[in-house]
Amino acid sequence: MLGTVFVIILVMREVEFFVYLKSDLYENNDRIRVRLQLEKGKLLDAMHQYETFDDCKWLAVVRFDCAHGQGFHKDLMYPNGDKEKADVEVFSLEEFSLYARQDLNLKWKLYKEWYFKLKRNKA
């Protein structure tokens with residue numbers, strides 16, 4: 001006698017893409033990396049990260065995520081490898097993702113200046 005077989009198919013996918021940023025001063029050296037995890041159209045996880053190109057590599061400067069059980073937060077990456085965490089007070093993952101996207105789109109030049117000022121002062 002054959003038993004009943006249940007097959008569960010999870011329609012989960014991870015999407016990653018880049019938004020390249022331009023301004024009068026900076027061109028093609030800055031981007032926002034977006035990684036979204038979706039299941040049946042519902043957002044399960046999100047990461048938004050501002051990166052800049054320096055010394056022939058992409059460097060993470062600011063990252064918004066909710067990894068490692070930390071809740072919604074922003075990481076500021078220092079040139080020496082240190083990180084500073086700041087909680088982001090929002091009510092949902094969708095709101096967090098929207099907040100992160102808007103923050104990085106509006107403030108990426110400030111984050112870039114902050115990062116390279118620290119890097120110059122270290123040398």
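One residue is enough: does the range 41-54 have a residue meeting the conditions in contact with a Ser or Thr (Cβ under 7 Å, 6 or more places away or on another chain), closer than 30 Å to Met12 by Cβ and among the small types (Gly, Ala, Ser)?
Yes.
Taking the criterion of being of a type in the set (S, T, N, Q) and under 17 Å from Trp108 (Cβ atoms), would at least one residue in the range 38-50 satisfy it?
Within the range 38-50, one or more residues are of a type in the set (S, T, N, Q) and under 17 Å from Trp108 (Cβ atoms).
Among the residues of the range 94-105, what is the count of those that are within 14 Å of Glu51 (Cα to Cα) and surrounded by fewer than 17 Cβ atoms within 10 Å (Cβ to Cβ)?
2
For the range 100-121, state whether one or more residues are hydroxyl-bearing (Ser, Thr, Tyr), farther than 18 Å from Leu36 by Cα and either touching a residue at least 60 places away in the same chain (Cβ under 8 Å) or touching a Ser or Thr at 6+ places or on another chain (Cβ under 8 Å) (or both).
yes
Select from the range 31-45 the residues that are within 10 Å of the chain's Cα centre (by Cα) and closer than 29 Å to Lys117 by Cα and write down the one among them that is surrounded by the fewest Cβ atoms within 10 Å (Cβ to Cβ).
Here the answer is Arg35.
Need a quick list: strands (runs of 3 or more DSSP E) entirely within the range 8-123 having at least 1 residues that are touching a Phe, Trp or Tyr at 6+ places or on another chain (Cβ under 8 Å) and charged (D, E, K, R).
Filter on the range 8-123 gives 27-39, 42-54, 57-65, 73-77, 83-87.
Give the residue, chosen from Trp108, Trp114, that is modelled with pLDDT of 95 or more and more than 17 Å from Tyr20 (Cα to Cα).
After applying the criteria, what remains is Trp114.
Within the range 90-99, can you find the residues that are under 15 Å from Ile32 (Cβ atoms) and of a type in the set (Gly, Ala, Ser)?
Once the filter is applied, which keeps residues that are under 15 Å from Ile32 (Cβ atoms) and of a type in the set (Gly, Ala, Ser), the range 90-99 yields only Ser97.
The values are calculated or read from the model by the stated rules, or taken from the named source; none is laboratory data. Model, not experiment: these values are computed from the prediction. Cβ atoms come from the backbone with ideal geometry, glycine included; neighbour counts cover every protein chain shown.
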